[in-house]
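Below is one structure; the comments refer to it alone.
The values are calculated or read from the model by the stated rules, or taken from the named source; none is laboratory data. Computed from a predicted model, the values in this text were never measured in an experiment. Ideal geometry is used to build each Cβ from the backbone, glycine not excepted, and the neighbour counts take in all protein chains shown. These area figures cover heavy atoms from the full protein model, side chains too; ligands, DNA and RNA do not enter into them. Shrake-Rupley method; radii C 1.70, N 1.55, O 1.52, S 1.80 Å.
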Amino acid sequence: MEIYFDNAATTQVVPRVSDAVVRAMTENYGNPSSLHHKGYEAERCVREARESIASLLRADEKEILFTSGGTESDNLALIGAAMANRRTGNHLITTSIEHPAVLRTMGYLEEQGFRVTYLPVDDKGMVRAADFAAALTKETILVSVMYVNNEIGSVQPVAELSRLAKSYRPSIVFHSDAVQAFGKYAIRPAKEGIDLLSVSAHKFHGPKGVGFLYVKDRTKLKPILYGGGQQKDRRSGTENVSGIAGMAEAARLSCEDMEEKRQRLYGLKRHLSEGILKMEGTCIHGPAGEAGAPHVVSAGFEGIRSEVLLHALEERGIYVSSGSACASNHPASSDTLRAIGCEKRWLDSTLRFSFSDLNTMEEADACLEILKELLPVLRRYRRR
């Protein structure tokens, strides 16, 4: 038995996507910048992918910029927009529970002389509109608020926050890391007031190493990669044609029957959460039910270290995580759990269960049964 409940870290590539990748590798293998026919075939593949993704966002194709994934998209959005607009101000705003790709980039920008405000969140991981409004200044040029938190699944009111920012100062650039949101929500950047939107393919059954950045028309953005001037000088480097083709196919699939799939995920989330809470010494972090994202459950198990329970589940064929996979190279208690005021007893005793539309209710039931077996056994060996 194998149960994969770590889909917030990465997802399994589905056959239609892998077929698209292989087809691009073996048939459209030319360099899209080459002037001959094979180059044209590759360029057409990239162009069609751009058109397809733009249509899903109700955007213009020229507003889609291909990158190597969410981290590059976040870096390009933040560094590119900050540097392009620094003559009009030096103040940036973000939240205390952003992904490391945002928080560490903000740290870099502080080293370059920018001033950054890190907004607090409430006990459900939500930004308070009053705190956000109070943080705005005449020097504010850029805001970055994630769409869905990757650890506890809180869904931020990005449209409301964007309206506050732009009513205060219309030139403020609003960025959102939507890596955990794309494919789960019908995102409309223009309608929601989002100028820059980061997405990564491997979170919705696409290949790793490819993503895109939505850049609203006329948004000023300095490149962070220099070279051959591809993608209209905004992101140099030969395009990852096969990855882009796979991402476009994965994006189309993830947006088909989205509401139906989301409700099924909410059913899994609700069933697993309720089952866990029936067990002694447990808690659920973040928004309950449909107040949060449909695919993330952050659960605390008192008296058992996260890593111990994670590996005990792994031995039984169940794969979960102890937080953000991208933060695992810098082991420490979760900044997100600290930010929501989590009690100390939960900081090193929390696991994240995250689903995709490939998961089933039978898998959730099996996971609950195994947890019931493991918890009393592991608690016999708790630290004293």
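Some notes on this structure:
- Radius 12 Å from Cβ of GLU51, net charge of other residues (Lys, Arg +1; Asp, Glu -1): +1
- Point-to-point label distance, TYR108-GLN12, nm (Cα→Cβ direction, 7 Å offset): 3.5 nm
- Ligands, DNA and RNA left out, the accessible area of the chain computed with a 1.4 Å probe is 50% carbon and sulfur.
- Across segment 249-313, C-alpha contacts under 8 Å between residues 6 or more apart give a mean separation that, scaled by the residue count, equals a relative contact order of 29 percent.
- Distant-in-sequence amide H partners of THR117 (H built 1.01 Å from N, under 5 Å): LEU92, ILE93, THR94
- Per-residue SASA entry for HIS36, accessible area with 1.4 Å probe, Å² rounded to 10: 110 Å²
- Restraint check, LYS203/LYS372; LYS138/LYS220; LYS138/LYS166, Cα-Cα greater than 22 Å: LYS203/LYS372
- Distance cut-off 27 Å, percentage of C-alpha pairs in segment 60-195 lying past it: 11 percent
- Mean ellipticity per residue at 222 nm, deg cm²/dmol - from DSSP H runs of n ≥ 4 across the chain, formula -39500 (n - 2.57): -12500 deg cm²/dmol
- Counting only residues at least eight positions apart within a chain, or on another chain, the aspartates and glutamates with an alpha carbon under 19 Å from that of LYS344 are ASP122, ASP123, GLU151, GLU280, GLU302, GLU307, ASP335.
- Qualifying chymotrypsin sites (Phe, Trp or Tyr not before Pro) in segment 222-311, DSSP loop, other Cβ atoms within 10 Å at most 12: TYR226
- Residues with amide H under 5 Å from that of GLY211, placed H, sequence gap 5 or more: THR67, SER68, GLY69, ALA201
- Among (i) 172; (ii) 148; (iii) 134, the entry that matches volume of the Cα convex hull per residue in Å³ as calculated here: (iii)
- Length-normalised contact order for the chain - Cα pairs under 8 Å, 6+ apart - percent: 23 percent
- Using a probe of 1.4 angstrom and keeping all protein chains present, the accessible surface of the chain works out to 44 square angstrom per residue.
- Annotation for segment 281-309 versus segment 48-73: alpha-carbon center distance of 33 Å.
- Loop-resident sites, segment 1-46, for GluC sites (Glu not before Pro), counting at most 11 other Cβ within 10 Å (DSSP): GLU2
- Straight-line reach from LYS222: taking Cα to Cα under 18 Å and skipping same-chain neighbours fewer than 8 places apart, the lysines in range are LYS62, LYS232.
- Distance distribution P(r), segment 141-228, all Cα-Cα pairs, bin width 5 angstrom from 0: 3, 13, 23, 23, 18, 12, 5, 2, 0 percent.
- At R0 = 45 Å, FRET efficiency that the Cβ-Cβ distance of ARG338 and GLU48 yields, to 0.05: 0.50
- Derived scalar couplings between HN and Hα for segment 216-224 equal 4, 3, 6, 6, 6, 8, 7, x, 10 Hz in order, rounded to whole Hz, by the Karplus curve 6.51 cos²θ - 1.76 cosθ + 1.60 (θ = phi - 60°), x for Gly and Pro.
- Full-stretch length increase - GLU139, LEU347 - with 0.36 nm per residue and alpha-carbon distance subtracted: 71.3 nm
- For the chain, built as a Gaussian network whose Cα springs stay under 10 Å, the top-fluctuating residue of LEU65, LEU213, LEU35: LEU35
- The ratio of the alpha-carbon radius of gyration of segment 1-133 to the globular-protein estimate 2.2 N^0.38 Å is 1.42.
- Size descriptors for segment 254-297 (Cα atoms only): Rg and Dmax, in that order, 11.7, 39 Å.
- With eigenvalues of the C-alpha gyration tensor scaled by 5 and rooted, segment 102-157, Å: 21, 15, 8
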